[in-house]
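Participant: First, the structure itself, so that you have it in front of you.
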Amino acid sequence: MNEKIVIVEDDESIRMLLEVALSSNGYKTKGFDNAKSALEYMHNEPPHVVVMDIMMDGMSGIEAVRAMRSSKELKVVPVIMLTAKDTELDKIIGLDSGADDYMTKPFSVLELCARVRAQLRRHGGADQTDGSENVLEQGGVRLDGNVREVSKDSEPITLTFKEFELLKFLMENSSRAVSREELIAKIWGDDYFGETRTLDIHIGTLRQKLGDTADNSNYIKTVRGIGYRFVGGIK
């Protein structure tokens, strides 16, 4: 196993616990006690997954993830955020900054390892397709899977890894309503055992970036009792 996991956590005891747990699962780990040093390292050696605390002295995890998403080298690296906060607003802020998953302290090391595996599986599968069939266009939204870029009416939209995968899957299946269970299995993996509310938060931030709201959704419709459907700007 050659996957490298970068851990950014200013609490040394937690950082060491994470390094030991992930190393024992066969991953290469590199720990940092501050986001600035981690970013400098990652620009030269991009990791496969980043586990990052939010509340840190100096640069916060939120600021660090935003910097990653604006970087060519790091914009698609999956990020799992750690925080002691557990409100929906905090989750939305973390996910909207570009994080792909979110865990609150205290957390299960076994669950964290499972989420890392899920990120590696999803990230590894995202780059395996290419060609013109990997470009989707509907209702002014253009998704190019070859370079992982999305635009609406020719204006670029910055999406997190999970938001991109959600939009891609919904656009590929725009002829039908996709169930919540299918979306969770496809995007988070069959072994995902976190909150189903995570899907709703990602859908919410994706809608916001497309200019949608839950009450006025021209792109992603809620299908009551089933899940969601991409309708491509049809009012």
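Participant: Counting only residues that are assigned by TED's automatic domain parsing to the domain that holds residue 73, modelled with pLDDT of 85 or more and of a type in the set (D, E, K, R), which one in the range 107-158 is surrounded by the fewest Cβ atoms within 10 Å (Cβ to Cβ)?
Facilitator: 111
Participant: So, one more: Anything in the range 197-235 that is surrounded by fewer than 16 Cβ atoms within 10 Å (Cβ to Cβ) and modelled with pLDDT under 85? List them, or say none.
Facilitator: 197, 213, 214, 215, 216, 234, 235
One line per residue, one yes/no per condition, for (1) of a type in the set (A, V, I, L, M, F, W, C); (2) in the same structural domain as residue 122 (by TED's automatic domain parsing); (3) closer than 26 Å to residue 93 by Cβ:
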residue: 8; (1), (2), (3): yes, yes, yes
residue: 20; (1), (2), (3): yes, yes, no
residue: 23; (1), (2), (3): no, yes, no
residue: 37; (1), (2), (3): no, yes, yes
residue: 42; (1), (2), (3): yes, yes, yes
residue: 46; (1), (2), (3): no, yes, yes
residue: 52; (1), (2), (3): yes, yes, yes
residue: 56; (1), (2), (3): yes, yes, yes
residue: 62; (1), (2), (3): yes, yes, yes
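Participant: Quick check on the range 182-196. Is at least one of its residues at pLDDT 90 or above and of a type outside the set (Phe, Trp, Tyr)?
Facilitator: Yes, because at least one residue in the range 182-196 is at pLDDT 90 or above and of a type outside the set (Phe, Trp, Tyr).
Participant: Go through the range 33-59 and give me each residue that's over 17 Å from residue 78 (Cα atoms) and in contact (Cβ under 8 Å) with a residue 12 or more places away in the chain.
Facilitator: Scanning the range 33-59 gives 33, 34, 36, 55, 56, 57, 58, 59.
Participant: What residue, among those in the range 159-181 that are outside any helix (DSSP H, G or I) and of a type in the set (A, V, I, L, M), is modelled with the lowest pLDDT?
Facilitator: If we take residues in the range 159-181 being outside any helix (DSSP H, G or I) and of a type in the set (A, V, I, L, M), then 159 is modelled with the lowest pLDDT.
The values are calculated or read from the model by the stated rules, or taken from the named source; none is laboratory data. In this text the structure is predicted, and so the values were computed from the model without any measurement. Positions of Cβ are generated from backbone atoms using ideal geometry, with glycine treated the same way; all protein chains shown enter the neighbour counts.
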